[in-house]
Amino acid sequence: LQHLEKAGKLHQSPIIIHNDLPTNDWAKLFQLLNEEKSYRGVANGYSFYEQCLPNQSLSFGFTASSMHWLSKIPCPIRNHCFHT
């Protein structure tokens with residue numbers, strides 16, 4: 001977020017959507033969101049194997065460890081990078 005602000009790319013306050021299974025223990029995330037005031041965040045309890053957000057609603061996506069679980073590319077993904 002700091003990089004986007006410095007580059008003049010952050011035109012409005014972002015909302016960060018944390019996605020994980022609904023059976024996950026969300027307590028630590030909610031504690032972090034309560035303490036971290038630099039952004040607004042919400043939890044989204046959907047499986048990574050189904051659509052998690054409405055069509056055309058995502059501006060930027062990041063995953064730390066989920067891409068390797070996919071058996072195929074779900075849709076064309078433009079302007080992306082992948083590092084192993």
**OP:** List the GluC sites (Glu not before Pro) within the range 26-61 that fall in a DSSP loop (any state other than H, G, I, E or B) and whose Cβ has at most 11 other Cβ atoms within 10 Å.
**Re:** E36, E50
**OP:** Treat each spin label as a single point 7 Å out from the Cα along the C-beta direction, and report the A27 to H3 distance in nm.
**Re:** 3.4 nm
**OP:** List, in order, the whole-Hz ³J(HN,Hα) value for each residue of the range 21-35 obtained from phi through the Karplus relation with A = 6.51, B = -1.76, C = 1.60 and θ = phi - 60°; use x for Gly and Pro.
**Re:** 4, x, 7, 5, 7, 7, 4, 5, 4, 5, 5, 4, 4, 5, 8
Original post:
Counting other Cβ atoms within 10 Å of each Cβ, which trypsin sites (Lys or Arg not before Pro) in the range 22-54 have at most 11 and sit in a DSSP loop?
Top reply: K37
Subject >> Environment charge at Q12 (Cβ cut-off 13 Å; Lys +1, Arg +1, Asp -1, Glu -1) >> reply: +1
Original post:
After finding the eigenvalues of the alpha carbon gyration tensor for the chain, what semi-axes result from the square roots of 5 times each, listed largest first in whole Å?
Top reply: 22, 20, 12
Original post:
Check I16: other-chain or 5+ apart residues with amide H under 5 Å from its amide H, H built from backbone geometry?
Top reply: R40, G41, V42
Original post:
For the range 1-27, list residues with backbone N below 13 Å from a point placed 7 Å from the Cα of L58 toward its Cβ?
Top reply: 17-20
Original post:
What does the helix-only formula give at 222 nm for the chain: each DSSP H stretch with n ≥ 4 adding -39500 (n - 2.57), the total divided by the residues, and the result rounded to the nearest 500 deg cm²/dmol?
Top reply: -4000 deg cm²/dmol
**OP:** Quote the relative contact order of the chain in percent (integer), defining contacts as alpha-carbon pairs under 8 Å separated by 6+ residues.
**Re:** 27 percent
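Laboratory data are not the source of any read-out in this text; all were calculated from the coordinates shown. This is a predicted model, so every value here is computed, not measured. All Cβ positions, even for glycine, are placed from backbone atoms using ideal geometry, and neighbour counts span all protein chains on display.
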